[in-house]
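Values in this text are rule-based calculations from the coordinates and carry no lab data. Source: prediction; values computed, not measured. Counting neighbours? That spans all protein chains shown, and the Cβs are built from the backbone with ideal geometry, glycine included.
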Number of protein chains: 2
Amino acid sequence: YNGLLHPDPMGRAVAREWWKRAAATATELGAPAVGGPLGAFSVADAAEPAIAERRSSELIDDLFAACEVAAAAGLQGLLVEPTPLPREIPHSVEQSRRLMDTLRGQTAVPVAYVLDVGHALYRPLYGPKVDLVDWLAPLRDDIGVIHLQNHDFMSDAHWGWPDTRGTFQVEALAKAMRATSLDEVPVMLELFYPFELADDAVLTNITSSVQHCRAAFNP
Amino acid sequence: YNGLLHPDPMGRAVAREWWKRAAATATELGAPAVGGPLGAFSVADAAEPAIAERRSSELIDDLFAACEVAAAAGLQGLLVEPTPLPREIPHSVEQSRRLMDTLRGQTAVPVAYVLDVGHALYRPLYGPKVDLVDWLAPLRDDIGVIHLQNHDFMSDAHWGWPDTRGTFQVEALAKAMRATSLDEVPVMLELFYPFELADDAVLTNITSSVQHCRAAFNP
C-alpha cells in the first residue's frame, strides 16, 4: 500500500488520517501502541531520485507527527514494520538502522520495529544466506515485537503449521532470539488463510500452529 | 468480507454506502456497470436460521436499492459475483438461480452475474466433478462477465500463466462458452500477485498471461 508515500497529496493526507484514527482505535482497545508498514513509492516516484528524496524526507516529518498523535492518544509507542519491497521504507537492515538513528530519542513516543520472519528472510530480495540474526543483532535495541509465520523463504506466505509448502523452523527464531538476548520480546503469530478455506479448517490450523510454536519455544 | 450481510447494523450501513460510492465512481470512470460480491454471514449469524433468513431477505431489499442507486448514477447494470464460501450469497448454482428469479425484470437496472472460473470450480465446495458448463448452462441468460484466472481447483488462486502450480485450461473455458453460446460475453483476466513480487516479474507474468489466454481463445 502506498500509505504515507502515496504519489498523490490526497493519498498521503488519507494515510496521515489513517494513523490518527489507528491511534484513536488503539487507545479505545486498550492497546499500548499503534503501528504498521509506512508506505510504498509508486514505480514512477521510485524512478525519480529527487522525488524519492523529497518523499523520504516528508515521511520522517509524518513519522514525528504520528508519534505526537500517538502520545496525545495516550499510547506508549509507535511500531514500524519493515517490508521486503524495494519501493517501501524501510526494506533493509541498513535503511532500518538509518531511519532509527534519525528518530531515536527525538519522538513524542518511542518508535520500535516489528520484525516479521517472512519479510526478513525473503531470499529474492536479501539473498540465499540471509539469517534472522542479520536483522536482530544490528537492530536489537529497536525490536518491539516479532511476527511469526510459516513460509518458504521465497514468499511472504503467512502459512501456519502443518503446511507442506512451508519450511520455516520456529526453533531457528527461538535460537536467534536467545543469541541476541531478545528472549523477552513478544512474538505474535500472524497467519493468513484464503477467504474460501472452510471455517473448521482455519480453526484447526490455527490451533495446531499455536501448539507447534509453543513447543518450539518450550522444548 | 461481510458487506451487506455484516452482523452489525452499522457494518451493513457502511456496505450500503460502499455501493453508493462505487456507483458514483463507476459513473465518473465511464464504466457501464458496478458490482462485486454481496457479503458474508458471520459464523454466529449463519448458525441461526431465523437470523440468516432475515439477513437474506434484507439483502434482497439492499440489492433493489443498489439497483436504484446505479440507475440514478446513470449506470446500465449491476454485477453480482458468486463466491465459493458457504457463508456468502450466492455461493451455488441453485442459490444463484433462485436469487435471479427474484430479481429478474424487477430491478431499476438489470442484474447479471460475474462468473469467476476459480470460484466456480472450487472442488472443496463443489466436488471433484464440477464443470464450467454446470454454471454456464443454467445461468446462461444471466452471465454478464467472466473472470479468468489460473488455479489448481483447490484454491481461488488468481495465478497467471505460466505457473507450475496452476492447472486450469483456458481452452476449457473457451469450449464451455461456445457450448453454451456465451461466446460474446466479456472475459476479464483477474490476476493477484504477492505484494513482495518484483515489479518486473509481475509485468512479465501479466504479459505472458495475456498472450496465453489470447492464444487459447484464438487457436
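What are the residues in region B:1-55 that are closer than 26 Å to B:Ala112 by Cβ and hydroxyl-bearing (Ser, Thr, Tyr), if any? Those that are closer than 26 Å to B:Ala112 by Cβ and hydroxyl-bearing (Ser, Thr, Tyr): B:Tyr1, B:Thr25, B:Thr27. Of all the residues in region B:4-59, those that are among the small types (Gly, Ala, Ser) and assigned to a loop (DSSP other than H, G, I, E, B) number 4. Among residues of region B:187-202 being more than 10 Å from every other protein chain (Cβ to nearest Cβ) and part of a loop (DSSP other than H, G, I, E, B), the one that is farthest from A:Thr83 (Cα to Cα) is B:Glu190. Would you be able to say whether some residue in region B:211-219 is in a helix (DSSP H, G or I), in contact (Cβ under 8 Å) with a residue 60 or more places away in the chain and on the phi < 0 side of the Ramachandran plot? Yes, some residue in region B:211-219 is in a helix (DSSP H, G or I), in contact (Cβ under 8 Å) with a residue 60 or more places away in the chain and on the phi < 0 side of the Ramachandran plot. Of the numbered criteria (1) away from chain A (no Cβ under 14 Å); (2) within 17 Å of the chain's Cα centre (by Cα), the one B:Ala172 fails is (2).
I'm trying to understand the selection: among the residues of region B:153-186, which are within 30 Å of A:Pro82 (Cβ to Cβ) and among the β-branched types (Val, Ile, Thr)? B:Thr164 - this is the single residue of region B:153-186 that is within 30 Å of A:Pro82 (Cβ to Cβ) and among the β-branched types (Val, Ile, Thr). Considering the conditions (1) more than 30 Å from B:Tyr126 (Cα to Cα); (2) within 14 Å of chain B (Cβ to nearest Cβ), A:Arg214 is excluded by exactly one of them, (2). Residues in region A:109-117: is at least one loosely packed, with under 15 Cβ neighbours inside 10 Å and not charged (D, E, K, R)? No, there is no match, as no residue in region A:109-117 is loosely packed, with under 15 Cβ neighbours inside 10 Å and not charged (D, E, K, R).
Quick grid of which residues meet (1) among the β-branched types (Val, Ile, Thr); (2) farther than 19 Å from A:Asp141 by Cβ:
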| residue | (1), (2) |
| --- | --- |
| A:Arg12 | no, yes |
| A:Thr27 | yes, yes |
| A:Ala31 | no, yes |
| A:Gly35 | no, no |
| A:Leu38 | no, yes |
| A:Ala46 | no, yes |
| A:Pro49 | no, yes |
| A:Val69 | yes, yes |
| A:Pro90 | no, no |
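If you go through region A:100-118 and keep only what is farther than 15 Å from A:Asp142 by Cα and in contact with a helix residue (DSSP H, G or I) (Cβ under 9 Å, 6 or more places away or on another chain), you end up with A:Ala108, A:Val117. Listed conditions (1) touching a residue at least 40 places away in the same chain (Cβ under 8 Å); (2) more than 28 Å from A:Ala198 (Cβ to Cβ); (3) not in a loop (DSSP other than H, G, I, E, B) are all met by B:Lys175, apart from (1).
In this structure, is B:Ala52 within 14 Å of chain A (Cβ to nearest Cβ) and without any contact (Cβ under 8 Å) to a residue 24 or more places away in the chain? No: the conditions fail for B:Ala52.
The residues of region A:22-49 that are within 14 Å of another protein chain (Cβ to nearest Cβ) and out of contact with any strand residue (DSSP E or B) (no Cβ under 9 Å at 6 or more places or on another chain), listed by number, are A:Ser42, A:Val43, A:Ala44, A:Asp45, A:Ala47. Restricting the search to region A:1-40, which residues are surrounded by fewer than 16 Cβ atoms within 10 Å (Cβ to Cβ), without any contact (Cβ under 8 Å) to a residue 24 or more places away in the chain and not hydrophobic (A, V, I, L, M, F, W, C)? Those that are surrounded by fewer than 16 Cβ atoms within 10 Å (Cβ to Cβ), without any contact (Cβ under 8 Å) to a residue 24 or more places away in the chain and not hydrophobic (A, V, I, L, M, F, W, C): A:Asp8, A:Pro9, A:Glu17, A:Arg21, A:Thr25, A:Glu28, A:Gly30. Of the helices (runs of 4 or more DSSP H) lying entirely inside region B:60-141, those carrying at least 1 residues that are within 14 Å of another protein chain (Cβ to nearest Cβ) and touching a residue at least 24 places away in the same chain (Cβ under 8 Å) are B:117-120, B:123-126. When restricted to residues that are surrounded by fewer than 16 Cβ atoms within 10 Å (Cβ to Cβ) and of a type outside the set (Ser, Thr, Tyr), region B:153-182 contains 9. Checking B:Ser181, B:Ser155, B:Ser208 one by one, the residue that is free of Cβ contacts under 8 Å to residues at least 60 places away in the same chain, assigned to a loop (DSSP other than H, G, I, E, B), away from chain A (no Cβ under 14 Å) and not charged (D, E, K, R) is B:Ser181 and no other.
Would you check if A:Glu48 is closer than 21 Å to A:Val145 by Cβ and of a type in the set (D, E, K, R)? Working first, answer last.
Details: closer than 21 Å to A:Val145 by Cβ: no; of a type in the set (D, E, K, R): yes.
Judged against the criteria, A:Glu48 is not a match.
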